[in-house]
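J.: This is the structure, below, for whatever I ask next.
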Amino acid sequence: ATAPGDDAAVYRPTDSQALGATTDVYPPIVDDPYEFGRIAATNALSDVYAMGGTPIMALALLGMPLGRLPVHTAQRILAGGAAMCERAGIPVAGGHSIDSQEPLYGLVALGLVHPDRVLRNSGAQEGDVLILTKGLGVGVFGAALKRGELSSADYATMIASATRLNDVGRLLPEWEGVHAATDVTGFGLLGHALEMCRGSGLSGTLRAGAAPLLPGAEALARAGVATGAAARNWASYGGAVSGADDLEDWRRALLCDPQTSGGLLVAVAEDAARFTLARLQEAGFPASAAVGSLRGGDDSGRSGGLRLLA
């Protein structure tokens, strides 16, 4: 069973083993079919890692507009996904393809974790520190790419971040003080932090200036590059967030920026936060930063809200 908003379904067949299962399918966010396959596969596997699991197998899901794109394009998408699965140490054991109006690709990802070590977004505790492992801005980069305004350097930054496996997630249950985790994807940092607050019956404080950004993201955001999804995200949950009036519009947009294959948001006890940060950075996530903290409900006893500090 899972809590609302968790990243994967978890089935416990035995006392010592639980199976995590998830699926994600995406339209292209880049023109290169191979890179599209790599990004979509990385994003799908992230949900297993976010639960503290280790992937064991994947199934490929492919939609292609028959007769409108060459077979070679489909082959390159599948090759990109298979390359990321190989990097994760798992096979693509099968899959399914359909005729669709636009290209679609993703994975069914399966993983294992000990039942006592499943990381849910509802496990956070009062006083926990929130740590984000990747910089924000993939959505902004994608919007700039569609407008023909993304530099080659920024494109390389986007690809490197979106194809960085969140494989450190499988280690998190072993680290003292780690209570909860989720990956930051389509709802942006604010949306996924709110999910954690609501699932855990807590409220949170986020330091907007502490949130790591991908190099180049701030310049694009300041220039007005943003996604429509960021605005929709804010419209859907902005009422649960206080302090946004003190932020510049570009920074708020980045906090709502939808991340394709974004980082992990980890809730860890305050006395273990420094150790966890160091371990995350050593594990290949140098942008990892403490971005906020969790507390009990407000004076009226309500929980599930966020307060933003500049």
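The values are calculated or read from the model by the stated rules, or taken from the named source; none is laboratory data. The model shown is predicted, which means the values in this text are computed figures rather than measured ones. All Cβ positions, even for glycine, are placed from backbone atoms using ideal geometry, and neighbour counts span all protein chains on display. Accessible surface is based on the protein model in full, side chains and every heavy atom, while ligands, DNA and RNA are left aside. Shrake-Rupley method; radii C 1.70, N 1.55, O 1.52, S 1.80 Å.
J.: Going through the DSSP H helices of the chain, which span 24 Å or more along their own axis at the Cα atoms while scoring at least -1.0 as a mean Kyte-Doolittle hydropathy?
T.: Taking the DSSP H segments of the chain (at least 24 Å long, mean hydropathy at least -1.0), we get 33-50, 71-88.
J.: Provide the net charge surrounding PHE285, with neighbours chosen by a C-beta distance below 12 Å and charges set as Lys +1, Arg +1, Asp -1, Glu -1. Don't skip to the answer; put the middle values down first.
T.: Working: positive: LYS134, ARG164, ARG279; negative: ASP167, GLU282.
Within the 12 Å Cβ shell, the charges total +1.
J.: With every protein chain in place, what's the accessible area of GLU149 (1.4 Å probe, Å², nearest 10)?
T.: 100 Å²
J.: While we're here: Report the relative contact order of the range 178-252, percent, no decimals, based on alpha-carbon pairs under 8 angstrom and at least 6 residues apart.
T.: Values: 24 pairs, mean separation 25.8, N = 75.
Here the relative contact order equals 34 percent.
J.: Let me ask something else. Rank SER161, SER236, SER122 by mean-square fluctuation in a GNM of the chain with C-alpha springs under 10 angstrom and give only the top-ranked residue.
T.: Of SER161, SER236, SER122, the most mobile in the Gaussian network model is SER236.
J.: Just from the alpha-carbon atoms, what are the Rg and Dmax of the chain in angstroms?
T.: Here Rg and the maximum Cα pair distance are 18.8, 61 Å.
J.: Defining a contact as two alpha carbons under 8 Å apart and six or more residues distant in sequence, what relative contact order in percent does the chain show? Walk me through the numbers before you get to the answer.
T.: Numbers: 740 pairs, mean separation 78.2, N = 310.
Computed value for the chain: 25 percent relative contact order.
J.: Could you identify which residue out of GLY209, GLY139, GLY188 has the top mean-square fluctuation in a GNM of the chain using Cα springs shorter than 10 Å?
T.: So, out of GLY209, GLY139, GLY188, the one fluctuating most is GLY209.
J.: In the chain, what percent of the accessible surface is made up of carbon and sulfur (1.4 Å probe, ligands and nucleic acids excluded)?
T.: Details: 6670 of 13180 Å².
After summing per-atom areas, the C and S share lands at 51 percent.
J.: A further question on this structure: So with the 1.4 Å probe, I'd like the accessible area per residue for the chain, rounded to whole Å².
T.: Working: 13180 Å² over 310 residues.
Normalised by residue count, the accessible surface of the chain is 43 Å².
J.: What number, rounded to the nearest 500 deg cm²/dmol, is the helix-based mean residue ellipticity at 222 nm of the chain, given -39500 (n - 2.57) per DSSP H run of at least four residues and division by all its residues?
T.: Result for the chain, helices only: -10000 deg cm²/dmol.
J.: Using a Gaussian network for the chain with springs between C-alpha atoms less than 10 Å apart, which of these wobbles most: GLY63, GLY135, GLY95?
T.: Of the options given, GLY95 has the highest mean-square fluctuation.
J.: Pairs of Cα atoms under 8 Å, at least six residues apart: use those to get the relative contact order of the range 219-310, whole percent.
T.: Working: 52 pairs, mean separation 35.7, N = 92.
So the answer I get is 39 percent.
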